[in-house]
Every structure is written in C-alpha cells, then in structure tokens.
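Read through the structure below, which is laid out as structure tokens, and then see the notes.
Derivation of every value follows stated rules applied to the coordinates shown; laboratory data play no part. The structure displayed is predicted, hence computed values, not measured ones. Because the Cβ atoms are built from the backbone with ideal geometry, glycine has one as well, and the counts that use them run over all protein chains shown.
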Amino acid sequence: MTPPVQPPQPLALYGPDFATDPQSHYRRLREHGPLAPVRLAPGIEALLVTDYQAAVDLLRDTHTFTKDPRAWQATVPDDSPVLPMLGYRPTALFSDGDVHARYRDAINDSLALIEPHVLRAEVARVAQMLIGEFAATGSGDLIAQYARRLPVHVFVTWFGVSPGDSERIVNGIAGMFNSAEDAATAYADLVEVVTDLVADRRARPRRDLTSYLLAHPANLDNDETVRQITLIMSAGHDPTTNLIGNALLHMLTDARYAGSLHGGAMTAHEAINEVLWQDPPLANFAAHYPRHDTEFHGVRLRTGQLLLVSYAAANTQSVPDLSNPGVRSGASAHLAWSAGPHRCPAKQPALLIAMTAIEQLTSQLCDAELDIPVNGLKWRPGPFHRALVRLPVRFTPVDMTAETDRHDAAEGASDGPSAVSIGP
C-alpha cells in the first residue's frame, strides 16, 4: 500500500540562513507548487505564493480574499514579533471596500502635494550634506551614513517631525521589519512619536502633510491619522533605504558597471530596475486571508488562513533577460510595487528619492569600491525585507566644503520651498 503523501515542513524565513541566501529557499519552495508552507517566526506559519501568475491573481482578487487580519490575529500570541508588520490597524493596508477607499484617498491626495522638482531638490540637498560628512575620510558605510539617513530627512520635512525624533523613527521602522523580539517595543515608540506630532498639529496646524491629513475631507480622527502616517513612513523608509543600498551594491559588484559607481555604461535607473526585478527591497509581504474555505491554484485554503506574496520569488521565476533589455519570458512587469487595489501609492516619489540619492553619490564618490569581499557582507534577518547590514566602501577623499558653502549660499539667497507644496 502506498503511504500517504506528507505535506512539506514549513521552511523558516527568518534567521541568518534565509537572510544570506533567500533565492535558494525560494527554489526549494517552488518545488511544492505555486504556494508553499513557511514559518515567519517561531510558531507563526503561512503559505507563501512563489508563482507569478498566482501572485497577480491573489493581489487582484478582492472577492475571495480580505486584507483584514483580525480573524487570523486572534489565533496568534499577543507578543508575536510579526504583529507590528501584520497586526490590524485602521489603515489602508488592513482594510477593504469603502473603508480602504477612504484611507487611500487621504494618502493619495497627501502624496500628490509632493511636487517632483521640489522633492528632487530636497533629496539632492540632503544627499550633499550627508556625503559631505564622510567624503573627506576616504571611506564610509553607505547604509548607516547615507541610505538609512537620507529618507528620514525627507520624512522629517514632509510631515513636520522634530529633527530630534528622526532616530526614533528610523529605529522604530527597522525594528518592525526585523520582526525580532523587540519589534513591538520599536513599533510602540514609532507610534508615540507620531501621536505627539498629530496632537500638536491638531492644535496648531502648519504647512506639512500631517496638518493636511488632519484637514482632509476623509475626516480622519487622531488615531486614524497616526496610523496612516506610520504606514507611509514604514512603507516608505525601510524599503527605500534598501532599494538605495541594494542598487549601490549592484553597481559596485556587477561587471557591466566597470567595477565602479561612475565608470560603467549602466545607469542608476538600470541598476534600480534590475534590483526591483532580482532583489526587491520588500521581498515578502501583501498579507491576504480567504473569506471562506476555498481552493486557489490547486491548494485548499481555510477561512482566515495567512497568505503572503513573495515578490522576490515571483519576479525571479520569470526574470527578464538582463543581457537583452526588453526581452523576457512570462509576465510583463515585476511585482516590487505590488498590484491590484493595494499597489504602492508612492512609487514615483520612492523612485525619485532612490534615483536622486544614487546619482548624487556617484557624481561625488566616482571611484568608490567595496572595502570588504562581497561574501563578507551581512544581510539583516527577517522574513519581509532584503536589507544589508552595512555597505563599507573606500574611495579617493573629496573635500566638499566649497560645494557645500556654495549650496548653502544659494539656498539662503533664494529661500527655496520645502519638499511639500500645500495650497492655501
């Protein structure tokens, strides 16, 4: 008698093994079909969608699946390290239908206030400032000293956050994505910073996105406003940091870039696009839950069961032929920005930030090269992101004092606008 087929054991998506080589894990998962069991943290299991078409179908199917995690969450310990990423909050990410539309309208209308040319100028200003802090030394860590710090400066400007709270924002978001034991504490500190900000702007509005969200016709209450801001920050900061870092690593190590940031034929735009295909900064996310028992791509699903989309696995299943631009097999677009009604609303600002950040760095540190062997680089553990711990480089020292002085003088003379343009 043939023994029954045993279901595969869930594959852990946390710890150093997965962080070091996620693609080998994805290859193993694909052997089990379009959906495979994974473990996100001790005791927390999910089905990971690794097939491109199945991922697209899931992201677009609002009839069969809901984004509301509360039924699933009731089965999860309150102290689970994945809850800061997956636990319910009143935001666009965890809602459907009219509620989702209300939150999404407030977010879209707010982000529409960010004028691209003003944002580019603001990012360039911050980039010059950050590069100037280490350019004269001939070495630096492009994650800690640049990629991680640049987006938070933009958020401080957008939302009117006190500069003294910027480090708390960075640590809170990073703690969420790491999904380690301190994840809940990190998220709570992020919420505390934004709660104080929202209370202040409710009493004393200013020309920033926080004040605009409070005044938006969606009539968000204070908690709803806090949650939309923390969503925008968390969805914007860590993935943008990782996109900048991963693209810079790609440019430093791919032969087509001639071994340097400036001397190769490939551009920052091409590096970013290749990273979004091959190594997306948000690797596994887009939680969905069946509204009822059902079958999806040949797999039986229970009501409320957690499904995640692996953007990284789905993309590399049908990766474009990068040696022959424009030629690829399979579907027509990568999923790094997601798809369907919950696709990323900040695609253009995020691309502009990353592109400008890389262009500014490559124009100043044009002979930068890795300061350690590539196999010595470490990746941050966690099931959701693809994130370098450090990106150490060396380069010819550059004195940027004169350039900074010229920029400061021009800025003082023009009294230029902030990164947000809000009408009367």
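Using a cut-off of 11 Å between beta-carbons, work out the net charge of the residues near D165 (Lys and Arg +1, Asp and Glu -1, D165 not included). Please list the in-between numbers first.
Details: positive: R168; negative: E167, D189, E192, D196.
Surrounding charge for D165 is -3.
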* To do: Quick one: order D223, D279 by neighbouring beta-carbon count within 10 Å, fewest to most.
  => D223, D279
* 13 Å cut-off, amide nitrogen to a point 7 angstrom out along R394 Cα→Cβ, residues in segment 122-162 -> 138-140
* Table column - 3J(HN,Hα) (Hz), segment 211-216, Karplus curve with 6.51, -1.76, 1.60, x for Gly and Pro -> 5, 5, 4, 5, 8, 5
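Would you kindly state the longest site-free stretch of the chain, with sites defined as GluC sites (Glu not before Pro) in a DSSP loop (not H, G, I, E, B) surrounded by at most 14 other Cβ atoms within 10 Å?
Value returned for the longest uninterrupted segment is 182-424.
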* For F296, enumerate residues with amide H under 5 Å from its amide H, sequence gap 5+ or separate chain, H modeled in the peptide plane. => L301
* Asked: Can you give the charge dipole size of segment 66-117 about its Cα centre, rounded to the nearest 20 debye, using +1 on the beta carbon of Lys and Arg and -1 on the beta carbon of Asp and Glu?
  -> 100 debye
* Amide H contacts under 5 Å for G138, placed H, 5+ residues apart -> V398
* To do: Wrap a convex hull around the Cα atoms of the chain, take a quarter of its surface area, and give that in square nanometres.
  => 22.3 nm²
* **Computed label-point distance, nm, for sites T294 and Q53 using a 7 Å Cα→Cβ extension** => 1.8 nm
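List every DSSP H helix in the chain whose Cα atoms extend 27 Å or more along the helix's own long axis and whose mean Kyte-Doolittle hydropathy is at least -1.0.
Values: long enough: 116-134 (28 Å, 0.53); 183-203 (31 Å, 0.45); 222-253 (46 Å, 0.06).
Answer set is 116-134, 183-203, 222-253.
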* **Listed residues N246, N178, N108, most fluctuating in the chain (Gaussian network, C-alpha, under 10 Å)** => N108
* Asked: Which percent, to the nearest 5, of DSSP beta bridges fully inside the chain are antiparallel?
  -> 80 percent
* Sort 153-159, 112-118 for me by packing, meaning the mean count of neighbouring Cβ atoms within 10 Å per residue, highest on top. => 153-159, 112-118
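Taking segment 87-160, which trypsin sites (Lys or Arg not before Pro) meet the DSSP loop condition and have no more than 12 other C-beta atoms within 10 Å? Spell out each step's value before the answer.
Details: sites: R102, R104, R120, R125, R148, R149; in loops: R148.
Here no trypsin sites (Lys or Arg not before Pro) fit, given the DSSP loop and packing criteria.
Within 10 Å of each residue's Cβ, count the other Cβ atoms and sort K347, K67 from fewest upward.
On the way: K347 13, K67 21.
Result, fewest neighbours first: K347, K67.
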* To do: Report the full-extension gain for the segment R256 to A71: residue separation times 0.36 nm, less the Cα-Cα distance, to one decimal in nm.
  => 61.7 nm
* To do: Quick one: what are the phi-derived ³J(HN,Hα) couplings along segment 382-392, Karplus 6.51/-1.76/1.60 with θ = phi - 60°, whole Hz, x for glycine and proline?
  => x, x, 9, 10, 10, 9, 6, 6, 9, 9, x
* To do: Before anything else, pin down the relative contact order of segment 11-414: Cα pairs under 8 Å, at least 6 apart, normalised by residue count, whole percent.
  => 25 percent
